[in-house]
Amino acid sequence: MRFLLDAEQREFARSLDGLLSSARTPAAVRAWAAGDPAPGRALWTRLGEAGLFAPAVPEQYGGFGLMPVELTVAFNELGRYAVPGPLAETVAAAALLGRLGGVATGRLPGIAAGTTVASLQVASLGPYALDADAADAVFLVDGDTLRVACGAGPVQHSADPARRLARPSGGEVLARGPAVAAAAAYATDVAALVTAAQALGLGRTLLARTVAYVGGRTQFGVPVGSFQAVKHRLADTLVALEFAEPLVRGAALALAAGDDAAGREIAAAKVTAGEAAYRAARTALQLHGAVGYTDELDLSLWIRKARPLRDAWGTPAACRARVLAA
């Protein structure tokens, strides 16, 4: 099993980094949280043009076929820049529709191109759909039935104001039968994997910005980062992130290979990356001191995403239970 990225995958990451570094994502996140998705949708279109969503869509619908490693590379960058929107949900919806085929595939070319934003709610994981009010289509899975929602429903915020939750109402039935449940299980694994990669990227940014901050802030005439307790806290955070990265990469490779143990590896990666990102958020909050609690600090946009990403598409308890059961 090769864990290192190849030249094309590294170039893909560099191209996304270049795009996002000039995209002013904090402004897009704040607008999204305020109910204005226009800046986020504009960024979404640029990401689609860069090929971000194509690795989730079958080739016959304008994509590249499911490429889990490339998706984790992309979502690591999305996490690093705190890009708003139902990113994992759109990719999961593409995986679901691609598996089912038939009438449900009409949305896939738009997803591949970045012109269609989708959300997905799986009843067994909870009643909420992410950013249903900003999505072009909201898909609902309840047991062996797939519907497309006829309305977003009332919107409420999560711990991250840019994650707008809604209870959409069911509408037209697109598919029904055992194939729906099997496809939904597969899509849930894809969502958990890319969410783990997103959390990992988020944690990397939180750590990097905290290291820079404690290196410049002084107390008693010396940088705060020179204190032993601060060094230990940062080192523990780095170790957690470093330990999570190969688990995410290994889970992506297992899914790409169709390994029977892929679900267990995804669960292990999800809980490890989610907990590492949450540790990075707590470290960033505490080491930034009083300024870390302010909405005006851009870093708060990253801090607030850590816990929701940790719990989305598989809570730590659920992921651990899956690993132990396997």
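The values are calculated or read from the model by the stated rules, or taken from the named source; none is laboratory data. Quick caveat: nothing in here was measured; it's all calculated off a predicted structure. Reconstructed Cβ throughout: ideal geometry from the backbone, glycine too, with neighbour counts over all protein chains shown.
Couple of notes before you dig in:
- Some residue of the range 284-300 being touching a helix residue (DSSP H, G or I) at 6+ places or on another chain (Cβ under 8 Å), β-branched (Val, Ile, Thr) and buried (at least 17 other Cβ atoms within 10 Å of the Cβ): no
- Pair list, Cβ < 8 Å and 6+ apart or interchain, from the range 50-61 residues that are without any contact (Cβ under 8 Å) to a residue 24 or more places away in the chain to residues that are small (Gly, Ala, Ser): Pro55/Gly63; Pro55/Gly65; Pro55/Ala74; Glu59/Gly65
- Looking across the range 204-229, the residues that are among the aliphatic types (A, V, I, L, M), in contact (Cβ under 8 Å) with a residue 40 or more places away in the chain and under 26 Å from Ala273 (Cβ atoms) come down to Leu206, Leu207, Val214.
- Condition check for Val239: at pLDDT 95 or above, out of contact with any Phe, Trp or Tyr (no Cβ under 6 Å at 6 or more places or on another chain), more than 22 Å from Ala192 (Cβ to Cβ) and not basic (Lys, Arg): yes
- Among residues of the range 306-323 that are within 22 Å of Thr90 (Cα to Cα), those with a Cβ under 7 angstrom from a residue that is modelled with pLDDT of 95 or more and of a type in the set (Ser, Thr, Tyr), sequence gap 6+ or separate chain, pair up as Ala306/Tyr278; Arg307/Tyr278; Leu309/Thr195; Arg310/Tyr278; Ala312/Thr195; Trp313/Thr188; Trp313/Thr195.
- Pairs where the first residue, in the range 86-113, is within 13 Å of Ala191 (Cα to Cα) and polar (S, T, N, Q) and the second is modelled with pLDDT of 90 or more and assigned to a helix (DSSP H, G or I), C-beta under 8 Å, 6+ apart: Thr90/Ala56; Thr90/Ile111
- When we screen Ala92, Ala82, Ala74, Ala88 for residues that are under 14 Å from the mean Cα position of the chain (by Cα), at pLDDT 95 or above and assigned to a loop (DSSP other than H, G, I, E, B), the only hit is Ala82.
- Residue in the range 304-325 that is over 24 Å from Ala187 (Cβ atoms) and aromatic (Phe, Trp, Tyr) present: no
- Helices (runs of 4 or more DSSP H) enclosed by the range 210-326 - at least 2 residues per element that are β-branched (Val, Ile, Thr) and within 24 Å of the chain's Cα centre (by Cα): 228-256, 262-287
- Pairing each residue of the range 143-157 that is within 16 Å of Leu174 (Cβ to Cβ) with any residue that is of a type in the set (Lys, Arg) and at pLDDT 90 or above, provided the two are 6+ apart or on different chains, yields C-beta distances under 7 Å for Asp144/Arg176; Thr145/Arg176.
- Residues in the range 280-303 that are of a type in the set (Lys, Arg) and at pLDDT below 95: there are none.
- Test: residue in the range 1-24 that is hydroxyl-bearing (Ser, Thr, Tyr), in contact with a helix residue (DSSP H, G or I) (Cβ under 8 Å, 6 or more places away or on another chain) and either part of a helix (DSSP H, G or I) or closer than 24 Å to Leu241 by Cα (or both): no
- The set of residues in the range 245-272 being under 17 Å from Ala312 (Cα atoms) and out of contact with any Asp or Glu (no Cβ under 8 Å at 6 or more places or on another chain) consists of Val248, Arg264, Ala267, Ala268, Ala269, Lys270, Val271, Thr272.
- Test: Lys305 is within 20 Å of Leu87 (Cβ to Cβ) and touching an Asp or Glu at 6+ places or on another chain (Cβ under 8 Å): yes
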